[in-house]
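The values are calculated or read from the model by the stated rules, or taken from the named source; none is laboratory data. All values reported here derive from a predicted model rather than from experimental measurement. Quick reminder, even Gly has a Cβ in these numbers, built from the backbone with ideal geometry, and neighbours come from all protein chains shown. Ligands, DNA and RNA are stripped out before the accessible areas are found, and what is left, the full protein with its side chains, is counted by its heavy atoms. Shrake-Rupley method; radii C 1.70, N 1.55, O 1.52, S 1.80 Å.
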Amino acid sequence: MAASQMGTALGLKIGSTTCVAVPADEAGPVGGVVVTGPYLDLTPDQEPRLADTAGAHRITGFADRVGDPVALLGDDGTQYTGQDLYAAAMSSLAAEADRWNADQIVVAIPNDWQAHAIEALRSAADDQALPPVTVVTEAVAAVAALESRRGPVDGVQVVYDLGGSALDVAVVTGGPDSQILGRPLRSEEVSGAQFDHLVLGHVLASVGAADAIDPFDPATITALTELRTRCAAAREALSVDTETVISIDLPGLRTEARLVRSELEELLRGPLTSSMSLIGEALHLAETDLAGVSTIVLIGGGSATPLVSELVSSTLRLPVAVNTDPTITSATGAATIAAANVAAAQADVALAAPASASAEMVPSASRAITPAPRTLVAEPKTMSRPRRIAVVVGVAAAIALLTAGGLSVGTALTDDNKPTAGSSESTAPAKSSSAPSTTAGAPGSAARNPDGTVGTSSTPGQPGARSTTGATATTAGGAPPVAGQTGAAPAPNAPAAGTPAPAQPGGGDTSGGGDTSGGGTGGGDTSGGGESPGGDTGGSGGGGTPADVGNGVGGVVGGVGNGVGGLLGGVVG
């Protein structure tokens, strides 16, 4: 096996809309940043790799599901845990950044992750044969990135993280013992997804699309999903440009809409102004005030919008620090921390450890499940033009949620039925220093260089408490035996090395899919996933037939469909 390079490090960030890898050495980040989308391609007989767009065998939505016992369902009916998919994404990023054998890997995790989620991630990373992984909160990593450019900062910093799915605010101390003060806060009412929702409604209204299209036509639904993606790209473009043009291609309507930055700012001003109260609440929980804050650090893709820094600075009267590309700030900070750890280790006695063979993950004995069809059916109604716009935008938001990452199936995983990797010889080069090897993935997105020079770094802080989203499922009986535990050869349909092991199909009642609600961005009752009967997929003691499983998933899909119906009903009502 090949000897590992000495003094290599890697900082990672796995987000709901963007995944980032920043390579480094003992001196700090070295460039070659990898930025890619959140879709994990699980094509059979290939290494898992991240992609920018949805497609066959691609799954997303796992970044917020680490430690959640409710599994995610792939296109072929295979079940995966959030932590296994997360670890496979880390392995893919490490391979693309040419740091599969790094001496130090530091991953920036959400501020509110709980201890059980962190342990689940570490266990999954071991199954992927990754080197030992250090976790730091995104807020602590952001402060480390700030100090790498400016040197040590006095007082405390407020980290304002405006991402694709939510806004996170945390009060953080600087220095080598950097940590979060008080409790980090999170709001899903202010996010990049909500901004895209507002832009879509504005564009549809500007071209009179509400009177020209049928929002319940399947062709219209597909076109609206594509238009929403174009609106997101336009919003990001206006972070740099002053105007842009959005192509509209809907059934019966093909035109263009011009959007200028001032229009976008008027749409976003209300939500952004309301987010200032979240900063005040975070300071109150940290038992400090604005006088003790030295800097407001802006990170996350949404922070690239110029209005964000303008509002924060003018409202709080404090200095604002934002990277040229705030999307990579937390990963850059994680790389800075990893580099400091490597330098500290090299200053001590160098310890050599033999590299271990990587384990090939094989699928567990799960039964194939065919999802039931999902069709939106509604009787036509006569409504006003503003209401029709609201309905169209609501449908687009619901479809975005439904197509984000597959269905969720209740499968409670315990230590007894956790997916286990079968033994096989590693196909990736192994490191011969203090960390095990990992499998290499396919090349991915183009590289970019991080902004700023390297200075003083900070050490990881303690993550705050995480309020885990997603419903849990009650296990009723044991799980089938896991393939690969006896050391036998993988099954004919086993995935390639490094593929996350499918989760065990447990028993229990998965009524309507648990918390996989029909949507949350529109009006009305969005509890479609909670009240719709879904059937009992468990049977007794892990038994049951394929028909039982099919009935269960039918209930899940029915719950999601009812959720979308509740959403649209609430908007029209």
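Would you point out the residue of the stretch 115-131, among those that are in contact with a strand residue (DSSP E or B) (Cβ under 7 Å, 6 or more places away or on another chain) and open to solvent by 10 Å² or more (accessible area, probe 1.4 Å), that is nearest to ARG65 (Cα to Cα)?
ILE118
Restricting the search to the stretch 231-255, which residues are within 25 Å of THR220 (Cβ to Cβ), open to solvent by 80 Å² or more (accessible area, probe 1.4 Å) and at pLDDT 95 or above?
VAL245
Kindly indicate whether THR134 is over 21 Å from GLY37 (Cα atoms), crowded, with 24+ Cβ neighbours inside 10 Å and hydroxyl-bearing (Ser, Thr, Tyr).
Against the criterion (over 21 Å from GLY37 (Cα atoms), crowded, with 24+ Cβ neighbours inside 10 Å and hydroxyl-bearing (Ser, Thr, Tyr)), THR134 does not qualify.
Any idea which of (1) touching a strand residue (DSSP E or B) at 6+ places or on another chain (Cβ under 7 Å); (2) open to solvent by 10 Å² or more (accessible area, probe 1.4 Å); (3) outside any helix (DSSP H, G or I) is the one VAL169 doesn't satisfy?
(2)
For LEU267, state whether it is under 28 Å from the mean Cα position of the chain (by Cα) and on the phi < 0 side of the Ramachandran plot.
It is true that LEU267 is under 28 Å from the mean Cα position of the chain (by Cα) and on the phi < 0 side of the Ramachandran plot.
Of all residues in the stretch 174-199, count the ones that are aliphatic (A, V, I, L, M), assigned to a loop (DSSP other than H, G, I, E, B) and open to solvent by 40 Å² or more (accessible area, probe 1.4 Å).
Residues that pass the stated criteria total 0.
Results for (1) among the aromatic types (Phe, Trp, Tyr); (2) under 20 Å from ALA108 (Cβ atoms); (3) out of contact with any Leu (no Cβ under 9 Å at 6 or more places or on another chain); (4) assigned to a loop (DSSP other than H, G, I, E, B), shown as yes or no for each residue.
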position: THR43; (1), (2), (3), (4): no, no, yes, yes
position: GLU47; (1), (2), (3), (4): no, no, yes, yes
position: ALA54; (1), (2), (3), (4): no, no, yes, yes
position: ARG65; (1), (2), (3), (4): no, yes, no, yes
position: ALA71; (1), (2), (3), (4): no, no, no, no
position: GLY77; (1), (2), (3), (4): no, no, yes, yes
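Being more than 22 Å from ASP289 (Cβ to Cβ) and crowded, with 23+ Cβ neighbours inside 10 Å is the filter here, so list the residues in the stretch 148-165 that pass it.
SER148, LEU162, GLY163
Out of the strands (runs of 3 or more DSSP E) lying entirely within the stretch 200-302, which hold 1 or more residues that are of a type in the set (Val, Ile, Thr) and closer than 29 Å to VAL20 by Cα?
The strands (runs of 3 or more DSSP E) meeting that bar are 243-250, 293-299.
Only residues that are at positive phi and part of a strand (DSSP E or B): list them for the stretch 26-41, please.
Residue satisfying the conditions is GLY28 alone.
Could you please tell me which pairs satisfy a Cβ distance under 6 Å, a separation of 6+ or placement on different chains, a first residue in the stretch 311-327 that is among the hydrophobic types (A, V, I, L, M, F, W, C), and a second residue that is part of a helix (DSSP H, G or I) and open to solvent by 40 Å² or more (accessible area, probe 1.4 Å)?
VAL320/SER313
Let's see how each residue does on (1) over 22 Å from ALA340 (Cα atoms); (2) open to solvent by 30 Å² or more (accessible area, probe 1.4 Å); (3) not charged (D, E, K, R):
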site	(1), (2), (3)
THR17	yes, yes, yes
GLY31	no, no, yes
LEU42	yes, no, yes
ASP45	yes, yes, no
ALA56	yes, yes, yes
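Filter the stretch 24-67 for residues that are within 17 Å of the chain's Cα centre (by Cα), over 20 Å from GLU138 (Cα atoms) and of a type in the set (A, V, I, L, M) and give the result.
Selection gives LEU40, LEU42, LEU50, ALA51, ALA54, ILE59.
With the structure loaded, tell me whether GLN104 is buried (at least 24 other Cβ atoms within 10 Å of the Cβ) and over 25 Å from THR8 (Cα atoms) or whether it fails that test.
For GLN104, the condition - buried (at least 24 other Cβ atoms within 10 Å of the Cβ) and over 25 Å from THR8 (Cα atoms) - is not met.
Consider the stretch 259-283. How many of its residues are in contact (Cβ under 8 Å) with a residue 60 or more places away in the chain, open to solvent by less than 50 Å² (accessible area, probe 1.4 Å) and within 22 Å of GLN157 (Cα to Cα)?
6
Identify, please: which residue in the stretch 68-95 is buried (at least 24 other Cβ atoms within 10 Å of the Cβ) and of a type in the set (Asp, Glu) and is, among those, nearest to ASP161 (Cα to Cα)?
Out of the qualifying residues, it is ASP68.
Give me the pairs: first residue in the stretch 20-37 and within 23 Å of ASP52 (Cβ to Cβ) and at pLDDT 90 or above, second residue basic (Lys, Arg) and buried (at least 19 other Cβ atoms within 10 Å of the Cβ), beta-carbon distance under 6 Å, and six or more apart or on different chains, which are they?
Pairs found: VAL20/LYS13; PRO23/ARG99.
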